[in-house]
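Written below as structure tokens is the structure these notes are about.
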Amino acid sequence: MWRFSRIAELDLDRYAPPTATATAPAGDSALPPEVEPVCAAIGEHAALVVVRDGRIVCSTLDDALQVKGVAVGELAAFDDPDDVLAHHGEVDGFGELNDAFAGDTVVVQVPKGVAVERPIVIAHWFGADGGSAFPRTIVRAGDASEVTVVECLASPDIDGFVVPMVDVSVGKAANVRY
């Protein structure tokens, strides 16, 4: 936890901020090979979102869950992104950095009364040496719903600065495992 880290020694000037126009290279929608063992250990999943250097490059969701109103994907694809984005907790200095520099925001939305039996997997891959990334995930679970979200962040052996933010909103009698 950052509160117990030597934060005064952190030199943010060492890391380049992400650019608004950064996109993953063409053909990079596949799961990075280094993340495949993690997904294999998880087993069958209900959805998979692959994020490379802050940009969603692949998002899949079981059709049967989509029919039930489950939604997984980029914030901009939702009907009311401002409502989904609203913070449900305190934001510190790192949260403010995330607000300023976040790439694509991954949203998992499960409606009231829906149980998602297999995990939803979000795999972030960061490959920019000397760069920074600010992944953001929002989970909204309606009343009496159930979902498991497994999120992994991985990179090659590089020097980088990553500030993830996860915002989970859980309805009455809902069960969310993250």
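Laboratory data are not the source of any read-out in this text; all were calculated from the coordinates shown. From a predicted model like this one, the values you see are computed outputs, not experimental measurements. So basically every Cβ, Gly included, is an ideal-geometry build from the backbone, and we count neighbours across all protein chains shown.
Figures for the structure shown
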item: Theoretical FRET efficiency, 1/(1+(r/R0)^6), r = Cβ-Cβ of Val162 and Ala8, R0 25 Å, to 0.05; result: 0.85
item: Paired Rg and Dmax values of region 95-140, which use every Cα atom, in angstrom; result: 13.9, 44
item: Built amide H within the under 5 Å cut-off of Thr148, gap 5+; result: Ile120, Arg177
item: Note, ³J(HN,Hα) from phi for region 67-76, Karplus 6.51, -1.76, 1.60, rounded to Hz, x at Gly and Pro; result: 4, 7, x, 5, 9, 9, x, 7, 3, 4
item: Sites Asp79 and Val38 - FRET efficiency at Förster radius 45 Å, r taken between beta-carbons, to 0.05; result: 0.90
item: Cys58/Asn175 FRET efficiency (R0 35 Å; Cβ-Cβ; nearest 0.05); result: 0.80
item: Where a label projected 7 Å from the Cα of Ala16 along Cα→Cβ would reach, residues of region 115-136 with amide N under 13 Å; result: 127-133
item: Long-range amide H partners of Ala133 with built H, under 5 Å; result: Phe161, Val162, Val163
item: Scaled radius of gyration (Cα, divided by 2.2 N^0.38 Å) that region 41-178 gives; result: 1.03
